[in-house]
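The structure appears below as structure tokens.
The values are calculated or read from the model by the stated rules, or taken from the named source; none is laboratory data. Computed from a prediction, not measured in an experiment: that's the story for all the values here. All Cβ positions, even for glycine, are placed from backbone atoms using ideal geometry, and neighbour counts span all protein chains on display. Only protein heavy atoms, including side chains, enter the accessible area calculation; ligands, DNA and RNA are left aside. Shrake-Rupley method; radii C 1.70, N 1.55, O 1.52, S 1.80 Å.
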Amino acid sequence: MVGIVRQRLLPILLALLAILAWWLSLMREGPRLAQDTPPGEPDQVVEGLRITTLDEAGQPQRRLVAREARHYPGGAGSELDAPRLTLFTAEGPPWRLKSERGWVAEEAAEIRLRGEVFLDREAWRDSPPVQISTQELQVWPQEHYGRTQTPLRATRGADWLTSVGGGEAWFGETLRARLFGRVSLEFHPPPRAESAPPEASPLTPTETPDAGPS
């Protein structure tokens, strides 16, 4: 049963890291930054940041929203307050990622999310709602690797999995994940379809010959 639960829930963890990898293009599309800002102070501050990328058909593909974004000179990276990332899909509801704070290294070599990190997707058709929650997440997109060392919880409908020590995942050509510490889980197999009773054969009236005279 543990293997079945991991097959159903661990891909959700990999989806979280894949969404963060898509953040790369968003963070590289900002305007050219000034270079004469005193050390320790941001050289660019953007309030109400909102970036949307479109697909080939002109439909929204990804959207990044933050209450404030601050870029620091000298390779110190960028800070984001209340970042919200939405990944639109061809079918069904979008994936939504949010955290209290975020930090992105230069060229997006490393991404850190801290303080109530959530990834969720609403239910759609036969797919139940999905949610992942943790306190801190680090991702190295170029290495296709991410990890958290804080408690992790993943739910998919009535199924759930928790790991007190967090986990790590590789999301390159080979997708795999490993959980740390004590792992608890609960799995609800889908109800079995009740087999229909065999159809009764149609009854053929039995003709009783008339009794002859006794």
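With a ≥ b ≥ c the root eigenvalues of the C-alpha gyration tensor of the range 33-117, is it rounded (a/c under 1.5), prolate (a/b larger than b/c) or oblate?
Taking the square roots of the gyration eigenvalues as a ≥ b ≥ c, the range 33-117 is prolate.
Which value, in Å² rounded to 10, gives the accessible area of Glu110 with a 1.4 Å probe and all protein chains present?
30
Using a 1.4 Å probe and ignoring any ligands, DNA or RNA, find the accessible area of Leu54 and quote it in Å² to the nearest 10.
Solvent-accessible area, nearest 10 Å²: 100 Å².
On the full set of protein chains, 1.4 Å probe, figure out the accessible area of Val46 and give it in Å² to the nearest 10.
50
Quick one: ranking His144, His71 by accessible area, 1.4 Å probe, largest first, what do you get?
His144, His71
For the range 72-150, what does the alpha-carbon gyration tensor say about shape, rounded, prolate or oblate, given a ≥ b ≥ c as the root eigenvalues, a/c under 1.5 as rounded, and a/b over b/c as prolate?
Since a/c reaches 1.5 and a/b is larger than b/c, the shape of the range 72-150 is classed as prolate.
Please give me, ordered by residue number, the trypsin sites (Lys or Arg not before Pro) of the range 95-185 that lie in loop per DSSP and have at most 16 other Cβ atoms within 10 Å.
Listed in order of number, the matching sites are Arg125, Arg182.
Run the paramagnetic zone check for Trp124: 7 angstrom along Cα to Cβ, then residues of the range 48-91 with backbone nitrogen under 18 Å.
Counting only backbone N, you get 53-64, 85-91.
Taking a point 7 angstrom from the Cα of Arg182 along the C-beta vector, which residues in the range 141-165 have backbone N less than 14 Å away?
Flagged as within label range: 151-152, 162-165.
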